[in-house]
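Step one of this worksheet: look at the structure below.
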Amino acid sequence: MRNILILIAVSSVLSSCGITKNTGTMTSGSTGNTNQTSQEEGWISLFDGKSLDNWHTYGKSSAGAAWKVDDGAIHLDASNKSNWQVQDGGDILTDEEYDNFHLKMEWKIAANGNSGIIFYIHEDTTQYKYPWNTGPEMQVLDNNGHPDAKIHKHRAGDLYDLIPSSKETVKPAGEWNQVEIISNKGKLDFYLNGTNVVSTTLWDDQWKSLVAGSKFATMPGFGTYKSGHIALQDHGDNVWFKNIMIKRL
């Protein structure tokens, strides 16, 4: 009995001091400090789920009104189309520029929709009318409904008009897709839903040959910049992006 009383007393003291066993797991009701953890690992959030801070329309100081925050995601509202884009939309760019980086995000596209993730954009509207005049693109597309899906190197996950995905892992329209773009010292990799779908080297002779054989051959600034902005494309269709994170390498 004496031993039992001692154990109870010790347990009471430990509990009062806030000493508990750490199992290293989080319960479903625990939130944790994921932002702090991400920052400690070098990740920076480019979207806080509430505002379009850190983004602006190409050539302007803020994002167009067609870009909205919808249920924790950036949403291009395509209800008011103007030609092939959306009125008061346009491609939105990160405020900062990046050279070597690891980018992660999720996207979903409406039925028959088209969009893209463009990078290494040189923002000079006096020379380049659109972000894709300088920046390569990871294609965002409804492969089952958009006409571009019938064109080689224009399907979801492709390095647009340059290299097709080695394997198609895209999910149907209306479902979230996880993507990663890693560019480090000229080595470029695309991941779509956990699969490495494109791997190439930027700026070497083979890269120049790829560009020369593409629709970008007449754009002298395309694929030449080694630092630049990242963009979410307005191609006139409803599209959503969330969980946008970047790490400088």
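Values in this text are rule-based calculations from the coordinates and carry no lab data. All of these numbers come straight from a predicted model, not from anything done at the bench. Positions of Cβ are generated from backbone atoms using ideal geometry, with glycine treated the same way; all protein chains shown enter the neighbour counts.
With θ taken as phi - 60° and the coefficients 6.51, -1.76 and 1.60, list the Karplus ³J(HN,Hα) couplings across the range 233-249 in order, rounded to whole Hz; mark glycine and proline as x.
So the J values, rounded to whole Hz, are 8, 9, 10, x, 10, 5, 8, 10, 9, 8, 6, 8, 10, 9, 10, 6, 10.
Compute the Cα gyration tensor for the range 73-129, then decide on rounded, prolate or oblate, letting a ≥ b ≥ c be the square roots of its eigenvalues: rounded whenever a/c is under 1.5, prolate when a/b is larger than b/c in the other cases, and oblate in all that remain. Present the calculation step by step, with values, prior to reporting the outcome.
Details: a/c = 2.41, a/b = 1.27, b/c = 1.90.
It is oblate, given that a/c is not under 1.5 and a/b is not larger than b/c.
What are the extents of the Cα atoms of the range 87-184 along their three principal axes, in Å, largest first?
Result for the range 87-184: principal-axis Cα extents of 37, 34, 23 Å.
Along the charge dipole of the range 63-182, Cβ charges K/R +1 and D/E -1, which of S82, G174, Q127 sits furthest on the positive end?
G174
Under a 5 Å amide H to amide H cut-off, with H placed in plane at 1.01 Å, what residues pair with E137 once short-range neighbours are removed?
Under 5 Å from the amide H of E137 lie the amide H atoms of Y160, each far enough along the sequence or on another chain.
Under the classification rounded if a/c is under 1.5, otherwise prolate if a/b is larger than b/c and oblate if not, where does the range 33-248 fall, given a ≥ b ≥ c as square roots of the Cα gyration tensor eigenvalues?
Working: a/c = 1.21, a/b = 1.11, b/c = 1.09.
Note, shape of the range 33-248 comes out rounded.
Just report the Cα centroid separation between the range 113-135 and the range 177-220, whole Å.
The range 113-135 and the range 177-220 have Cα centres separated by 15 Å.
Can you classify the range 182-244 as rounded, prolate or oblate using the Cα gyration tensor, where a ≥ b ≥ c are the square roots of its eigenvalues, rounded means a/c under 1.5, and otherwise it's prolate if a/b beats b/c and oblate if not?
Details: a/c = 1.88, a/b = 1.32, b/c = 1.42.
It is oblate, given that a/c is not under 1.5 and a/b is not larger than b/c.
Give me a comma-separated list of calculated 3J(HN,Hα) values for the range 146-151, in order, Karplus coefficients 6.51, -1.76, 1.60 applied at θ = phi - 60°, integers in Hz, x for any Gly or Pro.
8, x, 4, 5, 7, 9
Going 7 Å from the Cα of E106 in the Cα-to-Cβ direction, what parts of the range 213-249 have a backbone nitrogen less than 11 Å from that spot?
241-244
Where the only charges are on Cβ atoms (+1 Lys, Arg; -1 Asp, Glu), what is the dipole of the range 33-248 about its Cα centre, to the nearest 20 debye? Before the final figure, lay out the partial values.
Values: 20 positive and 29 negative charges, 94 e Å.
Using Cβ point charges on Lys, Arg, Asp and Glu, the range 33-248 gives about 460 debye.
Restricting attention to the range 114-178, which chymotrypsin sites (Phe, Trp or Tyr not before Pro) occupy a DSSP loop and are surrounded by at most 16 other Cβ atoms within 10 Å? Show your work: numbers first, answer last.
Details: sites: F119, Y120, Y128, W132, Y160, W176; in loops: Y128, Y160, W176.
Here the sparse-neighbourhood loop sites are W176.
Just rank L232, L46, fewest to most, by other beta-carbon atoms within 10 angstrom. Can you show the working numbers first?
Working: L232 27, L46 22.
Ranking L232, L46 by Cβ neighbours within 10 Å, fewest first, gives L46, L232.
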